[in-house]
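To keep things clear, I will list the structure first and then write my remarks on it.
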Amino acid sequence: MKIILSPSKLQREAAVFERQRPLLAASKQQFILQELRAMTFDELKAFYKIKDKMAQDVYRLLQNEQPPVCDVFGMYNGIVFKEINVDSYDRPQLDYLREHGVVLSAMYGVLEADMAVSCYRLDMTKKLAGIDLYGYWQDEVDAYFKDVTVVVNLASLEFSRMLKNYAGRMINVHFVEEQTNGKLKVVTVRAKQARGLMFDYMVSNCIRRVEDIKNFNEAGYCYVKDISQDDDWYFVKRLEI
């Protein structure tokens, strides 16, 4: 079983593991990095469609030939990752994180928890040197997940699309909230927080049976069988009156 997450734009220079392992596809990551480094400041600003201040930060980041080395769950620090209490994990939990946790990245492809990474900015919608990043990483993604029997999908559609050829069982987890009109709605920020909470729940409890995910009951979300299907599981936050 693998649990997939999207990366976050918010990042920090930190590490969870004492040692970091090499990337699965370092040469492909280096190609992307060199293409970005070859851009002028104005080209980079236009490529990312960002303002001067942010463009200056990204440009400096890319031109640093020896950036600080982080690991995956030390570096990402967005809404989802803030709910993952990596600093409190004991050895068995860290081993579980290393074995089951995967982040999908436009810069790095498939990332396991203790792999060596550095801060960056890139998403799957960008075309670099005319390259479609979904196609660029497809062989690596297909090879990695070839023998994986179950994937728990806590990633966004942008990144879970990287598994379009996956032939195993993918459990898509949805977090929705009941509205005053009785309808169910995804509230983006809280749904992201819930993804992090579920990931943390799985690691903290070293979940081995995918069915045990249904016992998740945090931040008001609980599994609802009536609206769930075989591979689409809905966790609903009921309206508080």
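The values are calculated or read from the model by the stated rules, or taken from the named source; none is laboratory data. This one's a predicted model, so the numbers in the text were calculated from it and none came from an experiment. Cβ placement follows ideal geometry from the backbone for every residue including glycine, while neighbour counts extend to all protein chains displayed.
Miscellaneous remarks
- Candidates Tyr221, Tyr201, filtered to the one that is touching a helix residue (DSSP H, G or I) at 6+ places or on another chain (Cβ under 7 Å), crowded, with 16+ Cβ neighbours inside 10 Å and not β-branched (Val, Ile, Thr): Tyr221
- Single match in Phe81, Phe41 (criterion: on the phi < 0 side of the Ramachandran plot and touching a residue at least 60 places away in the same chain (Cβ under 8 Å)): Phe81
- Against the conditions (1) under 19 Å from Leu5 (Cβ atoms); (2) touching a helix residue (DSSP H, G or I) at 6+ places or on another chain (Cβ under 6 Å); (3) not acidic (Asp, Glu), Arg190 satisfies every one except (2).
- Restricting Tyr76, Tyr89, Tyr120 to residues that are in contact with a Ser or Thr (Cβ under 6 Å, 6 or more places away or on another chain) and touching a residue at least 60 places away in the same chain (Cβ under 8 Å) narrows the list to Tyr76.
- Among the residues making up the range 182-217, those that are modelled with pLDDT of 95 or more and among the small types (Gly, Ala, Ser) are Ala191, Ala194, Gly196, Ser204.
- A Cβ distance below 7 Å, combined with a sequence gap of six or more or placement on separate chains, defines the contacts here; from the range 219-241, residues that are in contact (Cβ under 8 Å) with a residue 40 or more places away in the chain and on the phi > 0 side of the Ramachandran plot reach no residue that is part of a strand (DSSP E or B) and surrounded by fewer than 10 Cβ atoms within 10 Å (Cβ to Cβ).
- Qualifying positions in the range 137-173 - farther than 19 Å from Trp233 by Cβ, out of contact with any helix residue (DSSP H, G or I) (no Cβ under 7 Å at 6 or more places or on another chain) and part of a loop (DSSP other than H, G, I, E, B): Lys146, Asp147, Lys164, Ala167
One line per residue, one yes/no per condition, for (1) of a type in the set (Lys, Arg); (2) within 12 Å of the chain's Cα centre (by Cα); (3) surrounded by fewer than 18 Cβ atoms within 10 Å (Cβ to Cβ); (4) part of a loop (DSSP other than H, G, I, E, B):
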site: Ser8; (1), (2), (3), (4): no, yes, yes, yes
site: Glu13; (1), (2), (3), (4): no, no, yes, yes
site: Met39; (1), (2), (3), (4): no, no, yes, yes
site: Ala55; (1), (2), (3), (4): no, no, no, no
site: Val58; (1), (2), (3), (4): no, no, no, no
site: Pro68; (1), (2), (3), (4): no, no, yes, yes
site: Pro92; (1), (2), (3), (4): no, no, yes, no
site: Leu97; (1), (2), (3), (4): no, no, no, no
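- If the condition is being without any contact (Cβ under 8 Å) to a residue 60 or more places away in the chain, under 23 Å from Asp90 (Cβ atoms), surrounded by 11 or more Cβ atoms within 10 Å (Cβ to Cβ) and of a type outside the set (S, T, N, Q), then the range 208-218 contributes Asp212, Phe216, Glu218.
- Residue check for Leu44: of a type in the set (A, V, I, L, M), in contact with a Phe, Trp or Tyr (Cβ under 7 Å, 6 or more places away or on another chain) and either surrounded by fewer than 14 Cβ atoms within 10 Å (Cβ to Cβ) or over 30 Å from Ile171 (Cβ atoms) (or both): yes
- When residues of the range 112-130 are limited to those that are in contact with an Asp or Glu (Cβ under 6 Å, 6 or more places away or on another chain) and buried (at least 16 other Cβ atoms within 10 Å of the Cβ), the one modelled with the lowest pLDDT: Leu128
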